[in-house]
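What follows is one structure encoded as structure tokens, with my remarks underneath.
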Amino acid sequence: MIGLTQRGRLVLAFAAAAYLFGWGFGSKSLYPVAVGLALAALGARLWVALLTQPLSLRRMLGSHEHVEGDDVTVLLEAEAYRHPGPRTLEAHERIGKIGERRVVLTRQGRPLLARYVLHGLPRGRYPFETVRIVFEDPFGLARAEQLMGAESTLLVYPRLVELDRLFSDGGASAQAGGQVLLRRTAGFDLHSVREYQQGESLRKVHWRTTARRGELMVKELEDTPHDEVAVLLDAHGRTVVGESFDVQVRAAGSILRAQAVRGRRALLTITSAPPASCEVTSFDGDWRHALELLAAAEPDGTAPVARYLERDASPIAQATELVVVTSALDAELADALLQRALARQPTTLVLVHAASFGPVVEPLRDPALLRLHGAGVPLVTLRRGDDLAVKLAGFEEAHAAHG
């Protein structure tokens, strides 16, 4: 839609006023002024009409991955289908939570180019929405707008650390009775129950159903793959302070990466709304999907993390080893972790001290931590300013243990 700008309408109104003033007072010298201003406004509209034409628009974000804190260079390239095209164009594009960005494209050969930099982007998913192209005359009297469908998405990944060892390596073996479980990727799940047949082993009898129905019933088992390690990232926002959730994401991603590099079958679950989940069977394949989930994770969950451990048939509960990354250790979660530990199911906890990211840092005094430590559950506490690689590798605790 082509129209006059506010400045153009003022010029046209001033032209009409000059003409009426000259006619009313017999001042013929105002007629050329009035006609000239009117022609300028109408000529500007005609100029914009001639410039307005279909464009092709491309956006380039670079070929390498972008990690939180990096500067991201964005290149916009527009090309007109017919010539001569405009020498400059104004473009407005909205970038997710960053807001609207105004850039000027200038002709460099055939295409019009614009380059700008987004400085120090935090982790997240940034959708680039429809671009609004503005055609305008040099005096700003008339303009036309054109919407361009150049949607794309920029993913800024968390800054993970490489870990050769984990603080839980020794503790997981102790919880499993001294046996390190590395390749238990399958198991039997209860599929249904049926009537007992002559000659079957009594070990398969489902005694609860037998007592209820008054006849022997046996379990119908189904062989299903089990994940070796499940990483559960608590995305409830009730205790998030500052960048505490970003530290949770970095910790969960770094641990998941270490397990994938070791070749262990892993499961990532994020308790966002709705929950997001991804199986990682290899570092070269499924890891990319997990990394995208971590980049887009937001602390918008509503269900307590302990709810994800309640169902015995859930993939998280069936995993050989469980890693919970949270900033809120309540009694319900502590009981669930203790129950797993007492059942000799390797369980570890990464607790981010969210209060340390606020203006007033309070010491972390939680009786639940003492209960978990007394039960032999490997755990690590992360505070603002901690070296993530040192803490997750357990070097700090090892140094303290050896004096």
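Brief remarks on what is shown
- Positions within the range 1-27 being outside any helix (DSSP H, G or I), open to solvent by 40 Å² or more (accessible area, probe 1.4 Å) and without any contact (Cβ under 8 Å) to a residue 60 or more places away in the chain, in sequence order: Gly26
- Filter pass, Phe135 being under 23 Å from Gly3 (Cβ atoms), part of a strand (DSSP E or B) and modelled with pLDDT under 95: yes
- Residues (among the aliphatic types (A, V, I, L, M) and either closer than 11 Å to Leu4 by Cβ or exposed (fewer than 15 other Cβ atoms within 10 Å of the Cβ) (or both)) located in the range 41-54: Ala41, Leu42, Ala44, Leu46, Val48, Ala49, Leu50
- A count restricted to the range 28-41 and to residues that are free of Cβ contacts under 8 Å to residues at least 24 places away in the same chain and assigned to a helix (DSSP H, G or I) stands at 8.
- Residue list for the range 55-82, filter: more than 18 Å from Leu113 (Cβ to Cβ), in a loop (DSSP other than H, G, I, E, B), out of contact with any Gly (no Cβ under 7 Å at 6 or more places or on another chain) and in contact (Cβ under 8 Å) with a residue 12 or more places away in the chain: Glu65, Glu68, Asp70, Arg82
- Contacts under 7 angstrom Cβ, first residue in the range 85-101 being open to solvent by less than 10 Å² (accessible area, probe 1.4 Å), partner among the small types (Gly, Ala, Ser) and at pLDDT 85 or above, 6 or more apart: Leu89/Ala78; Ala91/Ala114
- Residue tally, condition out of contact with any His (no Cβ under 8 Å at 6 or more places or on another chain), under 24 Å from Ser168 (Cα atoms) and either without any contact (Cβ under 8 Å) to a residue 24 or more places away in the chain or in a loop (DSSP other than H, G, I, E, B) (or both), over the range 307-324: 5
- Candidates Leu351, Leu268, filtered to the one that is in contact with a Leu (Cβ under 8 Å, 6 or more places away or on another chain), closer than 23 Å to Thr153 by Cα and touching a residue at least 12 places away in the same chain (Cβ under 8 Å): Leu268
- When the range 112-138 is limited to residues that are open to solvent by 30 Å² or more (accessible area, probe 1.4 Å) and over 18 Å from Glu68 (Cα atoms), the one that is farthest from the chain's Cα centre (by Cα) turns out to be Pro138.
- When the criteria are applied in full, Glu145 meets the requirement of being open to solvent by 50 Å² or more (accessible area, probe 1.4 Å), touching a residue at least 60 places away in the same chain (Cβ under 8 Å), part of a strand (DSSP E or B) and out of contact with any Cys (no Cβ under 6 Å at 6 or more places or on another chain).
- Filter pass, Leu309 being open to solvent by less than 50 Å² (accessible area, probe 1.4 Å) and either closer than 30 Å to Pro127 by Cα or at pLDDT 90 or above (or both): no
- Taken together, the residues in the range 372-395 that are modelled with pLDDT under 90 and open to solvent by 90 Å² or more (accessible area, probe 1.4 Å) amount to 2.
- Pick from the range 329-368, criterion among the acidic types (Asp, Glu) and under 21 Å from Arg383 (Cβ atoms), ranking: most open to solvent (accessible area, probe 1.4 Å): Glu362
- Note on the range 338-373: residues that are in a helix (DSSP H, G or I), under 29 Å from the mean Cα position of the chain (by Cα) and more than 19 Å from Arg238 (Cβ to Cβ) amount to 0.
The values are calculated or read from the model by the stated rules, or taken from the named source; none is laboratory data. Please read these numbers as outputs of a predicted model, since none were measured by experiment. Neighbour counts run over all protein chains shown; Cβ positions are idealised from the backbone, glycine included. The accessibility values were calculated without ligands, DNA or RNA, using every heavy atom of the protein model including side chains. Shrake-Rupley method; radii C 1.70, N 1.55, O 1.52, S 1.80 Å.
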